[in-house]
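Asker: Before we start, here is the structure in question, set down as structure tokens.
What follows draws every value from the coordinates through simple rules; no lab data is involved. Being a predicted model, the structure only gives us computed values, none of them experimental. Heads up, the Cβs are rebuilt from the backbone with ideal geometry, glycines too, and the neighbour counts pull from every protein chain shown.
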Amino acid sequence: MSLRLENVTSDNVQGACELKVEPWQEKFVAPVALSLAEAYARPEAAWPRLVYNDDQLVGFIMGGFDPNCPIDYFRCGIWRLNIAAGHQRTGYGRFAVEELCAEARRRGHTRATVLWVPGPGSPEPFYLRMGFTPTGQIFNGQTVAEYFLG
Ligand SMILES: CC(C)(COP(=O)(O)OP(=O)(O)OC[C@H]1O[C@@H](n2cnc3c(N)ncnc32)[C@H](O)[C@@H]1OP(=O)(O)O)[C@@H](O)C(=O)NCCC(=O)NCCS
């Protein structure tokens, strides 16, 4: 297994848009194409990256870095994470989160946040396993959680 993140380019953007989570997971994360449109609209804050294992595209992560945002949990964190159906529970999500945290540290952040939709099938157990802790805040029905970057 050789994991890496890659930028989105003209060569891989179609494959990126074809990444699909399990149908029952679609309520927990936006399609990659929508995330890329948002990244296009907010290039100063969005950090979209593709997850590869060797030459296989297996996922997508998008960080958001907006250090001056008045809402503290939108200053540095995970905006999106989609690991393709059939490739989950292999360590790709963990790798993507760790790489995003490394980027956050490079930028001088000390805390990363994530928001998830709660309920059966939600990514909550994954993020708790990654060390995120709910802050007690709720945004639009989503649980806000934080992770302190060592
Ligand atoms: C949530 C998601 C990103 C996890 O990615 P993944 O590649 O399957 O996770 P990993 O294989 O890296 O798992 C890392 C750890 O979390 C655990 N884990 C992952 N999903 C879990 C789940 N649903 N329940 C319990 N534990 C889980 C793994 O067992 C592993 O534990 P370990 O460290 O003891 O081995 C993936 O399932 C996904 O894309 N879901 C649909 C979209 C979504 O909800 N995105 C998040 C939006 S905020």
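Asker: Of all the stretches in the chain, which is the longest one without any exposed loop site, taking trypsin sites (Lys or Arg not before Pro) in a DSSP loop (any state but H, G, I, E, B) with at most 12 other Cβ atoms within 10 Å? Don't skip to the end; give the middle numbers.
Answerer: Details: sites that count: Arg89, Arg107.
In short, 1-88.
Asker: Which whole number of Å³ per residue matches the convex hull of the alpha-carbon atoms in the chain? Each step should come with its number before you reach the end.
Answerer: Values: hull volume 17.4 nm³, N = 150.
Residue-normalised Cα hull volume stands at 116 Å³.
Asker: Of the GluC sites (Glu not before Pro) in the range 1-68, which ones lie in a loop per DSSP and count no more than 15 other C-beta atoms within 10 Å?
Answerer: Numbers: sites: Glu6, Glu18, Glu26, Glu38, Glu44; in loops: Glu18, Glu44.
Hits after loop and neighbour filter: Glu18, Glu44.
Asker: Can you sort Met1, Met130, Met62 so the residue with the fewest Cβ neighbours within 10 Å comes first?
Answerer: Details: Met1 8, Met130 18, Met62 23.
Starting with the residue having the fewest Cβ neighbours, the order is Met1, Met130, Met62.
Asker: Among DSSP beta bridges lying fully in the chain, give the percent that are antiparallel, nearest 5. Don't skip to the end; give the middle numbers.
Answerer: Values: 29 of 31 bridges.
Of the beta bridges lying entirely in the chain, close to 95 percent run antiparallel.
Asker: Can I ask one more? Would you mind telling me which residue in Gly63, Gly77, Gly131 has the biggest mean-square fluctuation in a Gaussian network model of the chain, where springs connect alpha carbons within a distance under 10 angstrom?
Answerer: Greatest mean-square fluctuation among the candidates belongs to Gly131.
Asker: If I build a Gaussian network model for the chain, linking alpha-carbon pairs within less than 10 angstrom, which residue out of Leu128, Leu50, Leu100 has the largest mean-square fluctuation?
Answerer: Leu128
Asker: Another question about this same structure. Would you mind telling me which residue in Ile78, Ile138, Ile61 has the biggest mean-square fluctuation in a Gaussian network model of the chain, where springs connect alpha carbons within a distance under 10 angstrom?
Answerer: Ile138
Asker: I would also like to ask the following. With a cap of 14 neighbouring Cβ atoms within 10 Å, and only residues DSSP puts in a loop, list the chymotrypsin sites (Phe, Trp or Tyr not before Pro) found in the range 11-107. Present the calculation step by step, with values, prior to reporting the outcome.
Answerer: Values: sites: Trp24, Phe28, Tyr40, Tyr52, Phe60, Phe65, Tyr73, Phe74, Trp79, Tyr92, Phe95; in loops: none.
Passing sites in the range 11-107 do not exist.
Asker: Can you give the local net charge around Arg49? Use residues other than it whose beta-carbon is closer than 10 angstrom to its beta-carbon, Lys and Arg +1, Asp and Glu -1. If you can, show how the numbers build up before the last one.
Answerer: Details: positive: Arg4; negative: Glu6, Glu99, Glu103.
It works out to a net charge of -2.
Asker: While we're looking at this one, here's another question. Let's see if you can work this out: charge +1 on each Lys and Arg Cβ, -1 on each Asp and Glu Cβ, no other charges. What is the dipole magnitude of the chain about its Cα centre, in debye to the nearest 20?
Answerer: Values: 14 positive and 16 negative charges, 71 e Å.
With only Lys, Arg, Asp and Glu charged at Cβ, the dipole is about 340 debye.
Asker: Excluding Gln25 itself, what net charge comes from residues whose Cβ is under 15 Å from its Cβ, given Lys and Arg +1 and Asp and Glu -1? If you can, show how the numbers build up before the last one.
Answerer: Values: positive: Lys20, Lys27, Arg80, Arg89; negative: Glu22, Glu26, Glu124.
So the surrounding residues net to +1.
Asker: Quick one: net charge around Leu128, please, counting Lys, Arg +1 and Asp, Glu -1 for every other residue with C-beta under 13 Å from its C-beta.
Answerer: On the way: positive: Arg94, Arg129; negative: Glu124, Glu146.
Combined, the nearby Lys, Arg, Asp and Glu give 0.
Asker: Let me ask something additional. Select from Phe60, Trp24, Pro70 the residue farthest towards the positive end of the dipole of the range 3-109; place +1 on Cβ of Lys and Arg, -1 on Cβ of Asp and Glu, and compute about the Cα centre.
Answerer: Pro70
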